[in-house]
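Working notes for the structure below.
No lab work stands behind these numbers, since they all come straight from the coordinates. Predicted model, so just to flag it, every value in this text is computed and none were measured. Cβ coordinates were reconstructed from backbone atoms using ideal geometry, including for glycine residues, and neighbour counts include every protein chain displayed.
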Amino acid sequence: MNRPLLLTAGILVVLAPAGYANSAARRATMTGSGGDGRCTVTVSVDHAAEIEISGDKGLLTTTAGQPAAWNRFTCNAPLPRNPVDFRVVRLGGRGTVRLIQDPLRTGGRAVIQINDSQSGRTNYSFDLQWRTPGGGAWQPGPPSRPAPVPDGFPIRASIRVCQDSVTDELNQRGYSYIVFDRTSSDNSAGRIDWITGYASGQKGFRTASFSFKCSVDSRYGKIRSVDVHR
C-alpha cells in the first residue's frame, strides 16, 4: 500500500535539484575604470530567464524553456549598493527585457527578467548604466560654447545624450525603471542627427511604452529637441 507513496517521494527527491541546476553563476570581466559605471550582459535564452547582478557577480536562472547560458558579462566597475541614475539599456533581442528589482531598493542587487514567446534560442544583450555615488550629474549636453569635435560627436555618445534626456522627461512625468529598446540613429540630415527608439517605464504597478525622437547636434553633442509619445 505504501509503494505508490514511496515511488512519488522518490520522484520528488530526484526532481527537486532540477530547478537549481538551471542557475549559472559568473564573475564579471573587468575592463577599464573611471567615468560612469557600466556592465554589458549578453545571454542566450530559449524561453524565459532572470539575471541577477550584485557587485561583480551575476546569477543567470532559467525560469522556462531550455537552460539559458552566459555569453558575456563585462563591467568597468562593480555595481555599487547605491547607484545613482541607474538604468537598463537594451541592446539586442526579440522578446521583452524588464527590470523587476531596482538596486536602489534591494541594497545593490539588480534583477532583469527576459521573456521570449517565440520558439528557439536567441541572444539578448543589455547594458546596466549608473553614475558613481558622489560623482557629478549626467549632463544632457556639454557646456555652452563648446569646442567642436573634429570628427563629429560619436553616434554612441549621441544615443546616450538622447537617452539621458528621455529619462529626464519620463522621470518628470512620474515614471521610473526606464528601459530602452531599439534605439538607432539617422544622420542623413548632416550635422543634426536624429536618434529614435522605444522605451518603457513604470508608474505604480503599471508599465507604459513610449516612442521617442531626439534631434542632436552631431558637431557638439548638444540636444536640439526631444519628443516622447505614449
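A few comments on the model shown:
- Here the range 155-229 is treated with +1 on each Lys and Arg Cβ and -1 on each Asp and Glu Cβ, and its dipole about the Cα centre works out to around 40 debye.
- Base-10 log of normalised Debye intensity for the range 155-229 (one unit scatterer per alpha-carbon) at q = 0.13, 0.28 Å⁻¹: -0.35, -1.27
- The range 115-120 - phi-based ³J(HN,Hα) in whole Hz, Karplus 6.51/-1.76/1.60, Gly and Pro as x: 10, 10, 7, 7, 7, x
- Cut-off under 5 Å, modelled amide H: who pairs with residue 222 long-range: 217
- Separation of the residue 63 and residue 118 label points, Cα + 7 Å toward Cβ, nm: 2.1
- At 1.002 mPa s and 20 °C, Stokes D of the range 20-131 from Kirkwood alpha-carbon radius, µm² per second: 155
- Simple label model, 7 Å out from Cα along Cβ direction - residue 71 to residue 211, nm: 2.8
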